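The values are calculated or read from the model by the stated rules, or taken from the named source; none is laboratory data. Computed from a predicted structure; not experimentally measured. Neighbour counts run over all protein chains shown; Cβ positions are idealised from the backbone, glycine included. Accessible surface is based on the protein model in full, side chains and every heavy atom, while ligands, DNA and RNA are left aside. Shrake-Rupley method; radii C 1.70, N 1.55, O 1.52, S 1.80 Å.
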Amino acid sequence: MGSLSRAECESLDNRDPLGRIADEFPPGEPGWLYFDANSIGAMPIGAHRAMSRITDEWRRLRRRGWSDADWLDAPVRLGNKLAPVLGAEPGSVVVCDSTSINLYKALRMAMTMRPERENIVAESGAFPTDLYVAESAARDQIQGGSLVRVEEAKALAESIDRDTAVVLVTHTDYRTSYRHDLASLVRRAHTQDALVVCDASHSAGAVEVGLAAAGVDFAVGCGYKYLCGGPGAPAWLYVAPRHQAQAESVIQGWMGHAQPMAMDPHYTPAPGAKRHLAGTPPVAGNALMEAALDLWRDIEPQAAFAKHKALSDLLIRVIEELPAPRPMLVAPRDPARRGGFVSFRHREAEIYVRALETGKIVASYRAPDIVRFGVSPLYHRYVDVWTLGERLRSLHPERTQ
Ligand SMILES: Cc1ncc(COP(=O)(O)O)c(C=O)c1O
């Protein structure tokens, strides 16, 4: 299999139905190639308009912004815009808080629905905040609970038993990009009457998550990665419609009240996922997030996932065609098992990532030996991957090994 030429990549870009979406992202620093969508996605041009709208509303409306502008509705409105990207039902997603906070809420809701059980089962290699939060959510079970850490991602399903209240699954591993088969994990959990909470931070906006089809109970994820919501963007929380009536609000804040402005001294939960909101929404952050979610208005999610697969396959090919010694593929070759980024093993990964920056390439490093290239179906072009290959070839082997 020979390398794709620049002309072939340009031709793929010209035929790409998402090509016009890439035009919605202004270039970063001249000459730099950013493959860090797994960390912080690019800024859509609509972010400028969104910020100037919000600052204008603030200047003109002040207190009236809460009633005359659409600030208060944003968490639910944005959730509905995001739902198709996650394969979620309308009304099942709210955009709010951080992933860590939403994860605590999801885990506690689920634990409360299994009061007689004690354990949360999770992979020991899960993202650290997930493990910390899971420990605290288990500790807060009435009779005291435990976090059971499973060494191997693939052994997660076998570790579910009748003591398991909740399985916490990281849909895509933050180092290997291994993507779980959610449907089969959920089936196994449900046969043991356990619930599934999923962190899809490294999948959402890049690859298929399919929350409804898989039957996931609760899910969370970051807004600032592939979803391009900007630095510190609000996160999202999914509650399956079948749980919405009985899933209790973990933090009974006024924004989750059925009538927040009635100033009722007693809490009555809002219907649906809205009850899981707690405090005042971050209006400016939501506006940036909405500018990014609006890009999905005209995108067929499956077309975006197909483009992501094609770009990732091409990236693997480009790296595997580098002269030896080259980084070794860690991410699954099977696109159905691969998440948002492509990762490689390199014995001096940290130095390698720094060396890439001398060639104006932004990738990311995870200890001890992982190099990640985060791919976005929204703004990466095939020719970007071709350029990456050319640059890497000029850096190999002298400066990077
Ligand atoms: C898989 C995963 N979960 C959670 C987080 C943290 O999310 P937050 O800082 O919004 O709590 C990250 C951050 O990179 C992550 O990669």
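Quick notes
- For the residues 28, 19, 232, a GNM of the chain with alpha-carbon springs under 10 Å puts the largest fluctuation on 28.
- Area of residue 283 that stays accessible when all protein chains are in place (1.4 Å probe, Å², to 10): 30
- The 1.4 Å probe gives accessible areas that order 318, 167, 148, largest first, as 148, 318, 167.
- Length available on full extension from residue 297 to residue 62: 0.36 nm per residue minus the Cα-Cα distance, which gives 81.6 nm.
- Residue 76 accessible area, assembled protein chains, probe 1.4 Å, Å²: 50
- Here the range 326-375 is treated with +1 on each Lys and Arg Cβ and -1 on each Asp and Glu Cβ, and its dipole about the Cα centre works out to around 160 debye.
- Dipole magnitude for the chain: about 400 debye, using +1 per Lys or Arg Cβ and -1 per Asp or Glu Cβ, origin at the Cα centre.
- Taking the average, over residues, of other Cβ atoms within 10 Å as the packing measure, peptides 235-241, 66-72 rank 235-241, 66-72 from highest down.
- The range 92-139 - charge dipole about Cα centre, Lys and Arg +1 at Cβ, Asp and Glu -1, debye rounded to 20: 160
- Positive-end residue of 251, 331, 234, charge dipole of the chain with Cβ unit charges: 234
- Summed residue charge, Cβ within 11 Å of residue 240's Cβ, Lys/Arg positive, Asp/Glu negative: -1
- Two-site FRET efficiency, residue 183 against residue 112, from Cβ-Cβ distance with R₀ of 30 Å, rounded to 0.05: 0.75
- Tail beyond 20 Å, pair distance distribution of the range 269-380 (Cα, percent): 57
- Carbon-plus-sulfur accessible fraction, the range 85-165 (probe radius 1.4 Å, protein heavy atoms only): 52%.
- Solvent exposure ordering (accessible area, 1.4 Å, most first) of 396, 266: 266, 396
- Computed over the range 193-279, Kirkwood Rh from alpha-carbon pairs, angstrom: 14.3
- GluC sites (Glu not before Pro) within the range 302-401: DSSP coil, no more than 16 neighbouring Cβ in 10 Å: 321, 348, 398
- For the chain: relative contact order, % (alpha-carbon pairs under 8 angstrom, 6 or more apart): 23
- Surface/4 of the Cα convex hull for the range 307-371, nm²: 4.5
- Cα-based shape type of the range 135-230, given that a ≥ b ≥ c are square roots of the gyration tensor eigenvalues and the cut on a/c is 1.5: prolate
- Taken over the chain, the convex hull of the Cα atoms encloses 136 Å³ per residue.
- Distance from the range 172-225 to the range 294-349 (C-alpha centre basis), Å: 19
- Placing unit charges on the Cβ atoms of the charged side chains and taking the dipole of the chain about its Cα centre, the candidate lying farthest along the positive direction among 42, 184, 88 is 42.
- Counting only whole DSSP H helices of the chain, the ones at least 24 Å long by C-alpha along their axis and with mean Kyte-Doolittle hydropathy no lower than -1.0 are 301-320.
- Averaging the sequence gap over all C-alpha pairs within less than 8 Å and six or more residues apart, then dividing by the number of residues, gives the range 81-142 a relative contact order of 34 percent.
- Computed accessible area, residue 101, all protein chains, 1.4 angstrom probe, square angstrom: 80
- Karplus (6.51, -1.76, 1.60) ³J(HN,Hα), θ = phi - 60°, over the range 220-226, in Hz, Gly and Pro reported as x: 9, x, 7, x, 9, 8, 5
- Between the residues 127, 99, 109, the greatest Cα displacement towards the positive end of the dipole of the range 88-137, with unit charges on the Cβ of Lys, Arg, Asp and Glu, is found for 109.
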